[in-house]
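Only the coordinates and a few stated rules stand behind these numbers; no lab work does. In this text, all values refer to a predicted model and were calculated from it rather than measured experimentally. Ideal geometry is used to build each Cβ from the backbone, glycine not excepted, and the neighbour counts take in all protein chains shown.
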Amino acid sequence: MNLAPVWEFVTQRYRLTTFLSMMVLILVAAGAARLTFTPDFRTYFSDDNPQLQSFEALEDAFNKRDNVSLILSPVNGDIYDPRFLALVVELTELAWQTPYSRRVDSLSNHQHLQATVEGLSASDLIDEGVLADEQALRAVRDYASEEETLLHSIVSPDGKATAINVTLTLPADNVKATGEVVTWLREQLAPIQEANKDKATIQLFGSAVINLALEEAVAGDLALLIPVSTLLMYVLLVILLRSWTGMLITMSVITLSIVAVFGLAGWAGGALTPVAGIIPNMVMIIAVADCVHLLVSFYHYLSEGQERREAVVSALRINFKPMLITSVTTAIGLLCLNFSEAPPYRALGNMAASGALIAFLLTITLAPALMCWLPPGRKSSQGHGSARLYPVMQKLADMIIARRYLTLAISAAVVVVCASLISQNKMYERWYVYYDDSFAVRKAMEFSDEHLSGINFIQYRIDGVGPGTINDPEYLQQLDQLVAWIETQPGVTNVDSIVPSLRRVHRLLNTGSEDDSRLPESRERAAQNLLLYEMSLPFGLGTDEYLNIDRSAARIGVFVHKTDSRTLLALDETIRRWAEGNTPVLSLSEGTGLDMVFAHISDRNMISLLQGTAIALVLISLLLAPVVRSWRIGVVSLVPNLVPALVAYGIWGITVGYVDLGLSVVACMSLGLVVDDTIHFLSKYVLARRELGKSPEDAIRYAFGTVGTAMLVTTVVLAAGFAILVLSPFSPTWGMGGLLSLTIVAALVFDFLLVPPLLLLVDRDR
């Protein structure tokens, strides 16, 4: 294809090219105004996802359990101190005023049941009269320390903490509702905490607090670390290229590519999810690689005495084909993310693929136009940092050629060792480690896990034989057996169910003896007990959290000490298997709830993302073979494409030891640079062999001389920039930064040390 007229237009009409590029970009970027953002976890699942369907069916049958908890710990270590209990009463009343609240459960408003002539009466466990009566306070202590419905969920067994749980009904069409709830509580509690700092410590926890903490953590990184990381990259570009112009051109291509990607996403419709936050980094990697290759070649031709426009055309001519191959193959690879089960990761692949192509188009249009327009700096051979690195590249090439077999053996050994260490990575999700100790929510969750309920949660719908099955004595007995067995399982702190309440009602209406722990033995008695119990409860504290409308099923909640997704999946399997063999009347749903839904999707997506990226890299190598017209080169390209991820994940295995969903994306994120390095190096090698008639050794030297500097500059800039992210207190950010830096450095090291010996081995002169 003769592209000379295109290069002539771009370099001769550079002002018009810049103007046209900006006009198109403005039109595309206008779509960004149509973008919306949603933190709704449901966007991570397709409509036919079985776990999501199970979870939504549970929420349709029972009430939703979005919540915020006020965790109170007394300074003197005694939650039954009257001054502390007065604060509990005050905060319970305040909690009812929380936006979107529908239910408040606390030690003070716990419904204390008593048998009367008419049936049952219920009253708050603690009121002003109780606070003034020492004997009544002792009775509260004795009662609360034994009451199953309070222990762990509301009161700690050691009496050192209590919780006020606010159940919320958050509007589905208001994504800011979570922020409204937590912000309101923070504002209300701040003066109360200050006034009572000698009595108690108040912490906020619950699903609403966790969700908002995620948004705040991402916003914090975007406000500080991401700008610092980006600034460092630009500073390094100036230092290594010794050109402000080169940095400004690169910055322009990066910024406009990112804006265009989000503009296209806006025109395409749909809402952004937190996953889209890594799009700028992925586009930046591709754009930096393209621009640096073009700029380094441009400065090289300037140093050889070419005029500016001639140098731009020469740089375009030598880099166009490898940049095109890199962009197209990278886009194809990223589109493989459409095999992911999670829609946000499919959108990620589509947006990143479009970013690869947009960055390429801007690199061959806007960047050359700006190179012709803006002053390049000094034209001498010492004028740009790239020229100073040329001798270093030649010496490195000579050393590798002279010691090819030793270099190959050492490099291969390192790869084998690192690959064997990948198994040290445990693949699971642990959402609680997202936050380090600088986050208030992490302190609250650690405190809650130690003193109250476990922070992981599994819910079950337990069906019987039909409507009214909750009154079936056999169903109740087996439900009681199931709950008792689950509570004996390792890691389980408590099980939230209606069984203890029904047992207490039966005892009050019959013997009244504290030793009587029986459940009703007839359907009629069970139905009468349940009716009296429900009639005694005040508005907002009914049984709809535990029973569905026609009383054909009950819900139980299993609280588990902090653990990982694999352990939760195993516990769920154990519970269902035990129930199937020991409680035949009960029909258990699959374990559900947010923890379980994400445990399933994370487990599948981590594997599919890593497999998809590996398939993409193999596919790229296969596509490269016909382009360079050599199956040997295609096979060789497999090595530098696959090795960086193997090495990086191996090192990660012995230093960190786990891979979650966010870290499994890193292999895909780095795909652009890994492929870029491989294709540019191999394309220059093939060019030297076929068009310049060089020997394999001289072709290696030519590849080092023409692209080695660009690869080194790109690696230093990106690796240093992403390494800054390890300072983040938010684990998805520091994990991504650390693993991405490792992968980027590994890509350069093994392109330099492993590829040349392999080429010399498979491409000998005949």
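Quick one: Ser453, Ser589, fewest Cβ neighbours within 10 Å first, how do they rank? Don't skip to the answer; put the middle values down first.
Working: Ser453 23, Ser589 18.
Ascending number of Cβ neighbours within 10 Å: Ser589, Ser453.
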Table column - 3J(HN,Hα) (Hz), the stretch 160-176, Karplus curve with 6.51, -1.76, 1.60, x for Gly and Pro: 10, 7, 9, 10, 10, 9, 10, 8, 10, 10, 7, x, 5, 8, 10, 6, 8
Helix 440-451 vs. the chain, principal-axis angle (Cα, 0 to 90°, nearest 10): 40
Qualifying lysines (Cα of each under 18 Å from Cα of Lys562; at least 8 residues distant if same chain): Lys426, Lys443
Value of Rg/Rh across the stretch 64-205 [Cα atoms, Kirkwood radius]: 0.99
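Sort 629-636, 82-89 by the packing proxy (mean of other Cβ within 10 Å over each peptide's residues), most packed first.
Details: 629-636: 17.0, 82-89: 18.5.
The packing order, highest mean first, is 82-89, 629-636.
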Entry for percent of Cα pairs over 38 Å apart (calculated from the structure that is shown) out of [x] 49; [y] 54; [z] 41: [x]
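Calculate, for Thr38 and Ala86, the FRET efficiency according to 1/(1 + (r/R0)^6) with r their C-beta to C-beta distance and R0 35 Å; round to the nearest 0.05. Show your work: numbers first, answer last.
Values: r = 42 Å, r/R0 = 1.19.
Between Thr38 and Ala86 the formula returns 0.25.
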Where only alpha carbons of the stretch 72-154 are counted, the Rg and the Dmax (Å): 13.4, 43
Within the chain, percent of DSSP bridges classed antiparallel, to nearest 5: 90
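Starting with the highest mean, order 398-408, 126-136, 556-566, 203-213 by the number of other Cβ atoms within 10 Å, averaged over the residues of each peptide.
Working: 398-408: 15.1, 126-136: 13.5, 556-566: 20.6, 203-213: 22.5.
The packing order, highest mean first, is 203-213, 556-566, 398-408, 126-136.
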Shape parameters for the stretch 571-657, alpha-carbon atoms, Rg then Dmax in Å: 21.8, 68
R0 of 41 Å, Cβ-Cβ distance Val417-Trp267: FRET efficiency to nearest 0.05: 0.30
Whole-Hz ³J(HN,Hα) from phi, Karplus 6.51 cos²θ - 1.76 cosθ + 1.60, for the stretch 360-376, glycine and proline x: 5, 4, 5, 5, 9, 10, 5, 4, x, 4, 5, 5, 7, 8, 7, x, x
Length-normalised contact order for the stretch 64-205 - Cα pairs under 8 Å, 6+ apart - percent: 42
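In percent, what relative contact order does the chain have, based on Cα pairs under 8 Å that are 6 or more apart in sequence?
Working: 1231 pairs, mean separation 143.1, N = 766.
Here the relative contact order equals 19 percent.
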Hull shadow area, averaged, the stretch 1-142 [alpha-carbon convex hull, nm²]: 20.5
Spin-label model distance (nm) - Glu146 vs Val618, 7 Å beyond Cα toward Cβ: 6.6
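Determine the alpha carbon to alpha carbon distance for each of Lys176/Lys197; Lys395/Lys684; Lys64/Lys199; Lys64/Lys176; Lys176/Lys199; Lys64/Lys197 and list only those over 28 Å.
Numbers: Lys176/Lys197 31 Å; Lys395/Lys684 18 Å; Lys64/Lys199 34 Å; Lys64/Lys176 18 Å; Lys176/Lys199 33 Å; Lys64/Lys197 34 Å.
Those over the limit are Lys176/Lys197; Lys64/Lys199; Lys176/Lys199; Lys64/Lys197.
Of the listed peptides 191-202, 730-741, what is their order by residue-averaged count of other C-beta atoms within 10 Å, with the highest listed first?
Numbers: 191-202: 14.2, 730-741: 23.5.
Ranked from most to least packed, the peptides come out as 730-741, 191-202.
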Range of Cα positions in the stretch 274-358 per principal axis (Å), largest first: 54, 22, 13
Zero-based 10 Å bins, Cα pair distances in the stretch 451-591, whole percents: 11, 41, 34, 13, 1
Per-bin percent of Cα-Cα distances, the stretch 716-766 [10 Å]: 25, 33, 20, 14, 7, 1
Amide H partners (placed H, <5 Å) of Leu541, local residues excluded: none
